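I have placed the structure first, in the form of structure tokens, so that the comments after it can refer back to it.
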Amino acid sequence: MGKAWTFGENLNTDEIIPGRFNITIDPLELAKHVFCEIKPEYAKNVKSGDVIVGGQNFGCGSSREHAPIAIKGSQARCVIAPSYARIFFRNAINIGLPILECPEAVADIDEGNEVNVDLASGQITNITKGHTYKARALPDFVLKIAEAGGIVNFLKEHDIEELMMNAEG
Amino acid sequence: MGTLIEEIFSRKAGRSVRAGEILLLDVDYIMSHDNTTPLAIKAFREIGKPILDKNRIVLHLDHAYPAPNVLAAENHKKIIEFVKEQELPHFYKQGVCHQVMIEEGYIMPGAIVIGADSHSNTYGALGAFGAGLGSTEIGVAWVTGKCWFKVPETIRIELTGKSQPGVYAKDVMIYIAGLLGMDGATYRSVEFGGEYIENLPMNERIVFPNMSTEIGAKCGLIEADSVTTRFLESDTPAQGPFETFGPVNPRYERVVEIDVSELPPQVACHPDVDHVKPLEEVAGLEVNEVYIGTCTNARYEDIEIVARMLKGKKVNPLTRVIVTPASERIYKKAMKNGLIEILMEAGCTVTGTGCGACIGRHGGILAAGERALTTMNRNFIGRMGSPQAEIYLASPATAAATALTGRITDPRGYLA
Ligand code: SF4
């Protein structure tokens, strides 16, 4: 269970973590500056289990993986948005930051609402309002990568071809 | 049978594929630069398996090169040590990665090239599939030689007519960004075609796939034709024969038709790339810096336009006018043909090659309250330094006219 932090549409990677901080790849170091220009109170007050609720096209802009790493490093549990920018979507999956697509949840959740997320089922519960929402299911092979904790961990144990056998099977 | 992206993927997969399918494909080249390579190295080390094929890996130092601070220097050192350790044959520090990839002949029609940079879409100008990925996937591809792709739906942009003098590919692409919006093509392949595109030289074509990133596209593609093969033969060391093929009975998600004949110069205004206005609506707005550079518009022809317009004149003395040629090859040609001297005589500052001020690390950073007009592809808040600075995007010709007056200026009154 955690608190919701809400963000607007088309949030870009510079707004998630400005380019000048991308000289490091340390998640905890990046987390100190995450959202620093648009929500400076976030990095100071975020608690483990909090949830990022974003708008459409979340994470647009550069291909920098620093953006999902900074969010993951801040101990946020997951991101919920109606849609993601393409590279952010891939990057988040690859580094093991859970991302859910759920326009209904985004429309209803207000900043500070207490939210519980069950990643396996995609069930999102807004405890403050007493509402539940169902996130869209992720494709099989994406779940496979997420379950392994990211593509790097997946490859330690498997060959890349297994990803697709799983996806198609 | 299918759209251009379906054709490219079908050839690679060895069977006919359709939008919506997920494929695991062999990639021809795997590109990364000083900003993104360190994370790829980290992923590579964690996986703990060897590189599959060194010949497919291309590394660049361009984003903060030469190093403007100690941290960037540490990055460069780490990458060079990796190149040495792994004996990687393709390592460059001769300019912006995308430009160098094209110049050095890595990009050919039908190829699949992935890059740890969002503007890897650029390669679509030569009929190749180019897409930006994160560093981790680059590390994964070093080991596996493969990458997963979902075959995207296609938006076709059909461009007709002939643009007016003083109106360039950049103006047309900025107009498209305004029309479709920043997420107008998310996850989509954008095919640029029609008689306008067919008649464009390669340097102008490149602008479209390059900025397809700004509308969220997975890739931006232009069908390879005789312009493409002539360019490859005369301007790159790439070895033919080159495959030229186009869409076959394609099914498009959407077709957008645009006649460019009446289009005036366009400007993408602070703070979003889709905040687009005809230049006349922002004409006269004072700027502190004019920046001519980047993978979008710092090719030889762009510099030539600027030099022609500035020849024998002086730029506004209170405006910083900075020119960063995209690559050393371009720089050398501009020098040989006297363009650099013209620019310097006019009062421009010509820097070394690379990404320069584009990501606000060095080479033209903006202070709070300042405004820049640039030939870049994106104008995010804080991109060039202070988050209190404003960035306006336009063509090289508009940049040159603006350099002369210190205010956003229509180039059509200044064309030489
Ligand atoms: S010039 Fe700018 S947009 Fe192009 S690769 Fe470099 S930083 Fe990216």
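The values are calculated or read from the model by the stated rules, or taken from the named source; none is laboratory data. These numbers come from a predicted model, not from an experiment. Here the Cβ positions follow ideal geometry from the backbone for every residue, glycine too, while neighbour counts run over all protein chains shown. Heavy atoms of the whole protein, side chains included, go into the accessibility calculation; ligands, DNA and RNA do not. Shrake-Rupley method; radii C 1.70, N 1.55, O 1.52, S 1.80 Å.
Evaluate the distance, in nm, between pseudo-label points positioned 7 Å from the Cα of B:GLU198 and of B:VAL256 along their respective Cα→Cβ axes.
The answer from the label model is 2.2 nm.
Between B:PHE245 and B:LEU415, how many nm apart are label points set 7 Å from Cα along the C-beta direction?
3.9 nm
Computing the accessible area with a 1.4 Å probe over protein heavy atoms, can you report the carbon and sulfur percentage for chain B?
49 percent
Using heavy-atom solvent-accessible surface (probe 1.4 Å) with all chains present, what is the largest-first order of A:ARG20, B:ARG299?
Largest to smallest exposure gives the sequence A:ARG20, B:ARG299.
How charged is the neighbourhood of A:GLY19? Take every other residue with its Cβ under 12 Å from the Cβ of A:GLY19, and add Lys/Arg as +1 and Asp/Glu as -1. Could you put the intermediate results ahead of the total?
Details: positive: A:ARG20, A:ARG64, B:ARG361, B:ARG378, B:ARG383; negative: A:ASP14, A:GLU15, A:GLU37.
Net charge around A:GLY19: +2.
Taking a ≥ b ≥ c as the square roots of the eigenvalues of the Cα gyration tensor of chain B, is the shape rounded (a/c under 1.5), prolate (a/b larger than b/c) or oblate?
oblate
Please state the charge dipole magnitude for segment B:331-416, taken about the Cα centre, from unit charges on C-beta atoms (+1 on K and R, -1 on D and E), reported in debye and rounded to the nearest 20.
The calculation lands at about 280 debye.
Can you work out the FRET efficiency for the pair A:MET165 and B:MET1, with r the C-beta to C-beta distance and R0 = 30 Å, to the nearest 0.05? Please report the intermediate quantities before stating the final value.
On the way: r = 27 Å, r/R0 = 0.89.
Once rounded, the FRET efficiency stands at 0.65.
Given axes a ≥ b ≥ c from the Cα gyration tensor, I'd like to know whether segment B:257-416 is rounded (a/c under 1.5), prolate (a/b larger than b/c) or oblate.
Rounded, because the longest to shortest axis ratio a/c is under 1.5.
What are the GluC sites (Glu not before Pro) within segment A:51-140 that DSSP puts in a loop, where the Cβ has at most 14 other Cβ atoms within 10 Å?
Sites meeting the loop and neighbour criteria: A:GLU111.
Under a GNM of chain B (C-alpha, springs under 10 Å), which listed residue has the highest mean-square fluctuation: B:LYS146, B:LYS313, B:LYS84?
B:LYS84
Run the 1.4 Å probe and let me know the accessible area of B:ARG56, rounded to the nearest 10 Å².
Answer for B:ARG56: close to 50 Å² accessible.
For chain B, give the magnitude of the charge dipole about the Cα centre (Cβ charges: +1 Lys/Arg, -1 Asp/Glu; no others), in debye to the nearest 20.
Using Cβ point charges on Lys, Arg, Asp and Glu, chain B gives about 820 debye.
Using the Cβ atoms and a cut-off under 10 Å, what net charge is assigned to the surroundings of B:GLY161, where Lys and Arg are +1 and Asp and Glu are -1?
-2
Express in whole angstrom the spacing between the alpha-carbon centres of segment A:11-59 and segment B:127-168.
The two parts, judged by their Cα centres, are 27 Å apart.
If you take the accessible area of B alone, add that of A alone, and subtract the area of the pair, what total do you get in Å², probe 1.4 Å, to the nearest 100?
Summed over both sides, the interface buries about 3700 Å².
Rounded to the nearest 0.05, what FRET efficiency do B:LYS150 and A:LYS32 have when you use their Cβ-Cβ distance and R0 = 56 Å? Write out the running numbers ahead of the final one.
On the way: r = 35 Å, r/R0 = 0.62.
Rounded to the nearest 0.05, the efficiency is 0.95.
So between A:GLN75 and A:LYS47, what do we pick up on full extension, going 0.36 nm a residue minus the alpha carbon distance?
So the extension gain works out to 9.4 nm.
State the percentage of accessible surface on chain A attributable to carbon and sulfur atoms; use a 1.4 Å probe and exclude ligands, DNA and RNA.
51 percent
Between A:GLU104 and A:PHE21, what is the label-to-label distance in nm when each label sits 7 Å out along the Cα-to-Cβ direction?
Computed distance between label sites A:GLU104 and A:PHE21 equals 3.4 nm.
Would you calculate, for chain B, the mean residue ellipticity at 222 nm contributed by helices, counting each DSSP H stretch of 4 or more residues as -39,500 (n - 2.57) and dividing by all residues, to the nearest 500?
Counting only the DSSP helices, I get -8500 deg cm²/dmol.
On average, how many beta carbons from a partner chain sit within 10 Å of the beta carbon of a residue in B:136-142?
Across the residues of B:136-142, the mean count of other-chain Cβ atoms within 10 Å is 5.
Residues of segment A:9-25 with amide nitrogen under 13 Å from the 7 Å Cα-to-Cβ point of B:GLU74?
Counting backbone N atoms under 13 Å from the label point, the list is A:22-25.
Taking each residue of A:147-155 in turn, how many C-beta atoms of other protein chains fall within 10 Å of its C-beta, and what is the average?
Whole-number average of other-chain Cβ neighbours for A:147-155 is 4.
Once you sort the root eigenvalues of the Cα gyration tensor of segment B:169-320 as a ≥ b ≥ c, which label holds: rounded (a/c under 1.5), prolate (a/b larger than b/c) or oblate (the other case)? The partial results should precede the final answer.
On the way: a/c = 2.24, a/b = 1.31, b/c = 1.71.
Because a/c hits 1.5 or more and a/b fails to exceed b/c, segment B:169-320 counts as oblate.
Which entries of B:LYS54/B:LYS77; B:LYS146/B:LYS332; B:LYS42/B:LYS146; B:LYS162/B:LYS314; A:LYS47/B:LYS78 have Cα-Cα distances beyond 29 Å here? Walk me through the numbers on the way to the answer.
Details: B:LYS54/B:LYS77 20 Å; B:LYS146/B:LYS332 36 Å; B:LYS42/B:LYS146 18 Å; B:LYS162/B:LYS314 32 Å; A:LYS47/B:LYS78 34 Å.
Among B:LYS54/B:LYS77; B:LYS146/B:LYS332; B:LYS42/B:LYS146; B:LYS162/B:LYS314; A:LYS47/B:LYS78, the Cα-Cα distance tops 29 Å for B:LYS146/B:LYS332; B:LYS162/B:LYS314; A:LYS47/B:LYS78.
Within straight cross-link reach of B:LYS311, meaning Cα distance under 16 Å, which aspartates and glutamates are found once same-chain residues fewer than 8 apart are removed?
B:GLU301, B:ASP302, B:GLU341, B:GLU345
How many partner chain Cβ atoms sit within 10 Å of a residue's Cβ in peptide B:126-135, on average, as a whole number? Let's see the in-between values first.
Details: counts 0, 0, 0, 0, 0, 4, 5, 7, 16, 9.
The mean count of partner-chain Cβ atoms within 10 Å per residue comes to 4.
In segment B:5-39, which residues give up 30 Å² or more of accessible area once the other protein chains are added, compared with their chain alone (1.4 Å probe)?
B:ILE22, B:LEU24, B:ASN35, B:LEU39
Along the Cα-to-Cβ line of A:THR132, 7 Å from the Cα, sits a label point; which residues in segment A:85-123 have backbone N less than 13 Å from it?
Under cut-off, by backbone N: A:116-119, A:121-123.
Taking 56 Å as R0, compute the FRET efficiency from the Cβ-Cβ separation of A:GLU111 and B:SER234 and round it to 0.05.
In this case the efficiency is close to 0.45.
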